[in-house]
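K.L.:
Sharing a structure below in structure tokens format, with a few things to ask.
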Amino acid sequence: MGGICCADEPFQIGKPWAKEEPWAHFSYKRDSWLAVAAVNALPQLMALIAENEALKGLYRMHQQTETREMRDLKAEIAGLKTGYEAFEQVNAGLKAEAEGLRKDAERYRFVIDCPIRTMVALGRKAHEEGFDLSVECDRLMGKGELS
């Protein structure tokens, strides 16, 4: 690496330029190597500063991308939760409907299998006001009238 003191010679750190006593104060001859080294190191220092700034920019960009991805994932999770809740509501409705159909099938089987005297009794009550065949079948099935 070329120094600024001599264009033809490479600068060597630690090479004494002149002899001086260790107790002497600042001397251009003795301490100028430090200034030369600092000036020679400036391009490397500037390159490190530029690299640092580039890395800071990349880091900020990564943070923004990560934040955007987190926001998208949170929105996706919220959508999935909403979909799952809707699925649960539909599922609960279908279970309730299946239970109602099962009870209707039991009532139908009861009416088909019941003795004639029970059918006659149901026929007489059918003319009464507020008669509900489902309620009456449930009452009779609960009593065990089928046997």
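K.L.:
Tally time: how many residues in the stretch 68-111 are without any contact (Cβ under 8 Å) to a residue 12 or more places away in the chain, closer than 30 Å to Ala126 by Cβ and among the hydrophobic types (A, V, I, L, M, F, W, C)?
P.N.:
Residues flagged as without any contact (Cβ under 8 Å) to a residue 12 or more places away in the chain, closer than 30 Å to Ala126 by Cβ and among the hydrophobic types (A, V, I, L, M, F, W, C) within the stretch 68-111 amount to 4.
K.L.:
Within the set of pairs 6 or more residues apart or between chains, which connect a residue that is polar (S, T, N, Q) and modelled with pLDDT of 85 or more inside the stretch 31-52 to a residue that is outside any helix (DSSP H, G or I) and open to solvent by less than 60 Å² (accessible area, probe 1.4 Å) with Cβ atoms less than 8 Å apart?
P.N.:
Going by the 8 Å Cβ cut-off, the qualifying pairs are Asn40/Gly2; Asn40/Gly3; Asn40/Phe11.
K.L.:
A follow-up question, please. Residue under question is Thr65, and the condition is that it be open to solvent by less than 60 Å² (accessible area, probe 1.4 Å), polar (S, T, N, Q) and without any contact (Cβ under 8 Å) to a residue 12 or more places away in the chain; does it hold?
P.N.:
Numbers: open to solvent by less than 60 Å² (accessible area, probe 1.4 Å): yes; polar (S, T, N, Q): yes; without any contact (Cβ under 8 Å) to a residue 12 or more places away in the chain: yes.
Criteria met by Thr65.
The values are calculated or read from the model by the stated rules, or taken from the named source; none is laboratory data. Being a predicted model, the structure only gives us computed values, none of them experimental. Positions of Cβ are backbone-derived with ideal geometry, glycine not excepted, and every protein chain shown enters the neighbour counts. With ligands, DNA and RNA removed, areas are computed over all heavy atoms of the protein, side chains included. Shrake-Rupley method; radii C 1.70, N 1.55, O 1.52, S 1.80 Å.
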